[in-house]
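Undergrad: My questions will all concern the structure given below.
Just so it is clear, none of the values below were taken in a lab; they were calculated from the coordinates. The structure displayed is predicted, hence computed values, not measured ones. Cβ placement follows ideal geometry from the backbone for every residue including glycine, while neighbour counts extend to all protein chains displayed.
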Amino acid sequence: MKKTLRQLQIAYYSVYIAAIAAATSGFYILKSGFVLNPLSQTGTVINSVLIIFIIGSIPLGLGYFNKLTKQWALLEDENKRLENYRKAGVIRITIIGLGLVLGVLFYYIMNSQSMIFCAGIAAIALFFCKPSEAKISTELNINN
C-alpha cells in the first residue's frame, strides 16, 4: 500500500508544481505583452472549452472513480485492488489537474476572471483527490 500511496502523492503534488510552472510561464507571457482578448472568437472558444471540460471532468472523474472503487473492493486479490486504484487514481488526478493548470495559464494569457474561477474550482475538486493511507484502506476495504 505504501508504494501505491507514494505514487499517488507524486502525481498529486506534481499537478500543483505544474500549476506553479503555468503561473510563472503565464506571468512571463503577460509581461512580454501577449494578451488574448477574452471577448474575441478565439478567447470565447478557449473560455467555453475549458469551462465545459471542468464541468464534465470533475463529476465524471470523482463519480466514476468512486463507482470503480466499490467494484474493486469486492476483488479477492489485494494487490490487484491496489494496482487498479493506483492506475485510475493517477488518471483522475491528471484529468482534474489539467483543468487547474490550464485555468491558471489562460488566466494570465487572457486576463479573464472566469479562468481563475475555473482554476479554483479544479483546485477544490483536486483536494478531494488527495491520497492518504486511511482513504485507500476505507475505499478498498483493506484491513491492516
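Undergrad: How many residues does segment 100-144 contain that are in contact with a Ser or Thr (Cβ under 6 Å, 6 or more places away or on another chain) and not charged (D, E, K, R)? Write out each step before concluding.
TA: From segment 100-144, those in contact with a Ser or Thr (Cβ under 6 Å, 6 or more places away or on another chain) are 139; that's our starting set.
Next cut, not charged (D, E, K, R) only: none.
Within segment 100-144, residues that are in contact with a Ser or Thr (Cβ under 6 Å, 6 or more places away or on another chain) and not charged (D, E, K, R) number 0.
Undergrad: Being loosely packed, with under 15 Cβ neighbours inside 10 Å and β-branched (Val, Ile, Thr) is true for just one of 91, 51, 95. Which residue is that?
TA: Among 91, 51, 95, only 91 is loosely packed, with under 15 Cβ neighbours inside 10 Å and β-branched (Val, Ile, Thr).
Undergrad: Sticking with this structure for a sec: Please give the number of the condition residue 68 fails out of (1) surrounded by 12 or more Cβ atoms within 10 Å (Cβ to Cβ); (2) within 15 Å of residue 111 (Cα to Cα).
TA: Result: residue 68 passes all but (2).
Undergrad: Still on this structure, please answer the following. Collect the residues in segment 30-46 that are crowded, with 16+ Cβ neighbours inside 10 Å and either of a type in the set (D, E, K, R) or part of a helix (DSSP H, G or I) (or both), keeping them in residue-number order.
TA: Within segment 30-46, 43, 46 meet the criteria.
Undergrad: Filter segment 66-124 down to residues that are aromatic (Phe, Trp, Tyr) and in contact (Cβ under 8 Å) with a residue 40 or more places away in the chain and give me whichever is nearest to residue 35 (Cα to Cα). Walk me through it before giving the result.
TA: First, the residues of segment 66-124 that are aromatic (Phe, Trp, Tyr): 72, 85, 106-108, 117.
From what is left, the residues that are in contact (Cβ under 8 Å) with a residue 40 or more places away in the chain are 72, 85, 106-108.
Details: 72: 47, 85: 41, 106: 10, 107: 10, 108: 8 Å.
Once the filter is applied, the top-ranked residue is 108.
Undergrad: Inside segment 102-127, can you point out the residues that are in contact with a helix residue (DSSP H, G or I) (Cβ under 6 Å, 6 or more places away or on another chain) and under 26 Å from residue 3 (Cβ atoms)?
TA: Listed by number, the residues that qualify are 125, 126.
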